[in-house]
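The values are calculated or read from the model by the stated rules, or taken from the named source; none is laboratory data. Remember, predicted model here, so these are calculated numbers, not experimental data. No Cβ is skipped: glycine too gets one built from the backbone with ideal geometry, and neighbour counts run over all protein chains shown. Just the protein is used for accessible areas: all its heavy atoms, side chains included, with ligands, DNA and RNA removed. Shrake-Rupley method; radii C 1.70, N 1.55, O 1.52, S 1.80 Å.
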Amino acid sequence: MESRARAGTELASCFLQLLEGKPATFYDDGINLWMQAVADQLFGAARPYCYHDGLHGPECRRRKSKQIEFTGEMWIGDDSGDQWTEPFWARITDKRLTREGIWIQMEVGEFSAEGDLLTI
């Protein structure tokens, strides 16, 4: 539980740096691992026998002044040892001005979910 909370906090910190213009380094800054942890938390109940195993070909772009969008493929694995990729999309929005926190919307394959990054 503590590592998931830390993942949300660290991803939020990295997101704020991206808003300030820092280039995205998915593997050096841990964005890849944090996206895995957030995906596991968001989709764990819907996909109990699957795990999220990292991004493939990730891209990042600033969509609006308070919003970053990520695209690529997410590696998925299951209990049988199979692995495959599914389309990945996430949008993180700074809604702290309206007291809604830092909001994440994520889609992996046909699954989608959203929530406050710090309380997921």
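Work through the residues other than residue 95 whose Cβ is under 12 Å from its Cβ and net out their charges, Lys, Arg +1 and Asp, Glu -1.
On the way: positive: 64, 66, 91, 96, 99; negative: 94, 100, 114, 116.
Overall, the nearby charge balance is +1.
So what is the relative contact order for segment 1-111, in percent, with contacts set as C-alpha pairs under 8 Å and at least six apart?
Rounded, it is 18 percent for segment 1-111.
Between (1) 53; (2) 47; (3) 63, which entry matches percent of Cα pairs over 18 Å apart as derived from the coordinates of this structure?
Computed from these coordinates, percent of Cα pairs over 18 Å apart corresponds to label (2).
Considering the options 42, 102, 31, tell which one lies farthest towards the positive end of the dipole of segment 16-120, charges being +1 on Lys and Arg and -1 on Asp and Glu at the Cβ, about the Cα centre.
Highest projection toward the positive end goes to 102.
If you roll a 1.4 Å probe over the heavy atoms of the protein chains, what accessible area per residue do you get for the chain, in Å²?
57
Under a Cβ-Cβ cut-off of 12 Å, what is the net charge of the residues other than residue 110 that fall near it, where Lys and Arg count +1 and Asp and Glu count -1?
Here the count lands on -1.
Distance from a point 7 Å along Cα→Cβ of residue 45 to each backbone N in segment 87-105: keep the residues under 18 Å and list them by number.
104-105
On full extension of the chain, what length is gained from residue 20 through residue 53, given 0.36 nm per residue of separation minus the C-alpha to C-alpha distance?
Residue separation times 0.36 nm, minus the Cα-Cα distance, leaves 9.1 nm.
With the crude spin-label approximation of a point 7 Å out along Cα→Cβ, what separation in nm comes out for residue 83 versus residue 71?
Distance between the two pseudo-spin positions: 2.5 nm.
Just to confirm a number: summing +1 for Lys and Arg and -1 for Asp and Glu over residues other than residue 57 whose beta-carbon lies under 15 angstrom from that of residue 57, what do you get?
Taking every other residue near residue 57 into account, the sum is -4.
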